[in-house]
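The values are calculated or read from the model by the stated rules, or taken from the named source; none is laboratory data. Everything numeric here is computed off the predicted structure, so don't read it as measured data. When we count neighbours, we look across all protein chains shown, and the Cβ atoms used for this are built from the backbone with ideal geometry, even at glycine.
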Amino acid sequence: MKKHFLILLGIFIILQSCKNQQTPKELVEEIKQRETYENSKTISLSDTTQRSFNQIFIKDSVLRKSVISDTKNFYTQNGFQTRWLYETKPGKLFYEYMKILENSENYGLNPETYNHKFLLQSVDSLYASSPTLSEIEKLDKEITSSFLLLTSHLGRGRITKLAHGKHVWRRSKKNRDDLEILLKVKDNEKLSEIVEALHPQHSLYKRMSEKYKILKNTEEDSITEVVILKPKEFSVGYRDKSVENLRYNLKQKGYEAIPESSMDKVDSTLLKALMKFQEDKGIKPDGIPGKSTLYYLNMTISQKRDLLELNMERIRLLNNDLGDNYIVVNIPEFKMFIYHKDSMIHQMNVIVGKEYTATPVFVDTLKYVEFRPTWTVPQSIIKKEMIPQIVSQSDPEKYQKRGYTLYENGKKVDPKTVNWESPDINKRKFRFVEAPSARNSLGLVKFILTNDMSIYLHDTPSPKLFARENRALSHGCIRVEEPAELAYLLLKNQDDWTREKVVEAMNSGRNQRRITLNTKFLVNMLYITAWVDEKGELIIKNDIYGFDQEQLKELRKFQN
């Protein structure tokens, strides 16, 4: 079934505009081509010292320094003229901006992060009397810094610490100049349309904001709370009041389990319903209501809203130009999607990294496809897994029997000549290289990226693993279920590659045949745990790497 893919189908589809209107991207590009706006009604700043800019009040301590720098750069490029406020009244652009901040709540942002009430009240109070030019220019700087902080958050997100421990989450590079936009937007222009264009232009992002607005105005529901005191004893025949609560809870979520005898007694129908719920959430379907299962069973409206806010933030972190061809891997969903010009052309299951060897979250570019590859084992695996196994099994030839060749300093080494139990064994720079074959750990084809983490996509000699619900099983690389189809989709527009030619190259072609891609494919390793499908249904998946709670703590800093 393709149900799960449809959940993310819209994640990267650009919002369509009317034929006679500019797309958001076109609007931003058009603004950049303009001359600087006419500033005849503005006033000149009298205080352009660094000290005056350092006094600006910014609520994001991490971005404070860069926002102050950007604010000063803006006024330098603007000829040290005010942007929002005139001598006798505020400009129309100011009130447009206040409406933008008011509506920012619909995207999980807090207007007070950008001093909404303070700015509105201060401007109204300022012009209620006869303001001095010094008062006007000071407040104008505050408004500019507020705007630049907002646009920075839209383009780069608010979370500073994205990953914890050994996990890796790389932030996308910012690819626009917000100063240029502010310099060239016209006073009579709808600033709201321009700021809307700075949001991620993904249909899923819009659906999530619409659902978020609904949840923000929804009272907590009367979900039946489930508390299982002894979950390990939970099996057929187990009996107490909590079992009845579990039945009610599952029914409220659409997983009805009609009792075979008694409501408060565990039976096979209840276990099947619970396992289906676990499966849909990406939890191991063991029929045991453990900590993770109970968390999702008892999730409140406010918790769902917080997760939506967090995942909208994650999409803002991505906010970049995906190009005509791109691949999306949603790590918690164990799925990969292939797009051409924002239309999905294929989807497949994948295997991702284990919790302690997690797949990094990042964006990269595919470099080449290699058929019948060798595998050079990473040093971490050699030291933590291979050498301990050689020692524990007293078998120096363990990996030689499986097709590996041992090297040291570029020369072949007979594993029988090595003292594997030496206390200094891990100081030696061994290389284990696995020969090409269908049993090779990378399978018969690999897809190489440009990153410095040795993370790439590849085939696998163990296809049965794709039948598992929880597919966090690798050392970090992505194993793909349909490697031949992926290779064909990447190569079909060059050198007459057909599906038959791909299969031949995998099974009987020459070893280590490398094909550089003529077509650029961006690969997006994403981590989305809550989203809204095209039917408007909120979908929540298991947080397999434990990112959610840590990142939610970061976002709570902006709630007050």
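The table for this structure:
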item	result
Qualifying residue in the range 461-469 (condition: within 20 Å of GLN512 (Cα to Cα) and in contact (Cβ under 8 Å) with a residue 12 or more places away in the chain)	yes
Unique residue being assigned by the TED database to the domain that holds SER508 and in contact with a Leu (Cβ under 8 Å, 6 or more places away or on another chain) when the list is LYS412, LYS367, LYS341	LYS367
Candidates ARG479, ARG510, filtered to the one that is buried (at least 20 other Cβ atoms within 10 Å of the Cβ), among the basic types (Lys, Arg) and either free of Cβ contacts under 8 Å to residues at least 24 places away in the same chain or over 30 Å from SER104 (Cβ atoms) (or both)	ARG479
Residues being more than 16 Å from the chain's Cα centre (by Cα) and surrounded by 13 or more Cβ atoms within 10 Å (Cβ to Cβ) - total across the range 545-560	2
Matching residues in the range 261-276 - criterion: being farther than 17 Å from LYS241 by Cα and either assigned to a loop (DSSP other than H, G, I, E, B) or not polar (S, T, N, Q) (or both)	LYS272, ALA273, MET275, LYS276
Residue within the range 57-72 that is in contact (Cβ under 8 Å) with a residue 40 or more places away in the chain, within 21 Å of SER192 (Cβ to Cβ) and surrounded by fewer than 18 Cβ atoms within 10 Å (Cβ to Cβ) present	no
Residue check, LYS186 touching a residue at least 60 places away in the same chain (Cβ under 8 Å), over 20 Å from ALA530 (Cα atoms) and surrounded by fewer than 15 Cβ atoms within 10 Å (Cβ to Cβ)	yes
LYS446, sole failed condition from (1) in contact with a His (Cβ under 7 Å, 6 or more places away or on another chain); (2) under 30 Å from SER203 (Cβ atoms)	(2)
Verdict on LYS161 being charged (D, E, K, R) and at pLDDT below 95	yes
Strands (runs of 3 or more DSSP E) (entirely within the range 389-468) containing at least 1 residues that are touching a Ser or Thr at 6+ places or on another chain (Cβ under 7 Å), of a type outside the set (A, V, I, L, M, F, W, C) and surrounded by 11 or more Cβ atoms within 10 Å (Cβ to Cβ)	430-434
Subset tally (residues that are surrounded by fewer than 18 Cβ atoms within 10 Å (Cβ to Cβ) and in a helix (DSSP H, G or I)) for the range 284-302	6
Per-region count, the range 390-421, residues closer than 12 Å to GLU434 by Cβ and hydrophobic (A, V, I, L, M, F, W, C)	1
Residues that are surrounded by fewer than 18 Cβ atoms within 10 Å (Cβ to Cβ) and touching a Gly at 6+ places or on another chain (Cβ under 9 Å), drawn from the range 268-283	LYS272
Only one of PRO360, PRO373 that is modelled with pLDDT of 95 or more and over 30 Å from VAL503 (Cβ atoms)	PRO360
Meets criteria (within 28 Å of ARG468 (Cα to Cα) and surrounded by 16 or more Cβ atoms within 10 Å (Cβ to Cβ)) for VAL243	yes
Positions within the range 507-527 being under 16 Å from LEU491 (Cβ atoms), part of a strand (DSSP E or B) and in contact with a Leu (Cβ under 8 Å, 6 or more places away or on another chain), in sequence order	ILE515, VAL523
Total residues in the range 311-334, condition within 23 Å of LYS367 (Cβ to Cβ) and modelled with pLDDT of 90 or more	7
Among (1) of a type in the set (A, V, I, L, M); (2) at pLDDT below 95; (3) in contact with a strand residue (DSSP E or B) (Cβ under 7 Å, 6 or more places away or on another chain), the one test that LEU444 misses	(2)
Matching residues, the range 109-158, being closer than 19 Å to PRO200 by Cβ, modelled with pLDDT under 95 and outside any helix (DSSP H, G or I)	GLY157, ARG158
Cross-chain or 6+ apart pairs with Cβ under 7 Å, the range 414-431 first and charged (D, E, K, R), then part of a loop (DSSP other than H, G, I, E, B) and surrounded by 10 or more Cβ atoms within 10 Å (Cβ to Cβ)	LYS416/PRO396; LYS416/GLU397
Residue list for the range 197-217, filter: in a loop (DSSP other than H, G, I, E, B) and either loosely packed, with under 13 Cβ neighbours inside 10 Å or touching a strand residue (DSSP E or B) at 6+ places or on another chain (Cβ under 9 Å) (or both)	GLN201, ASN217
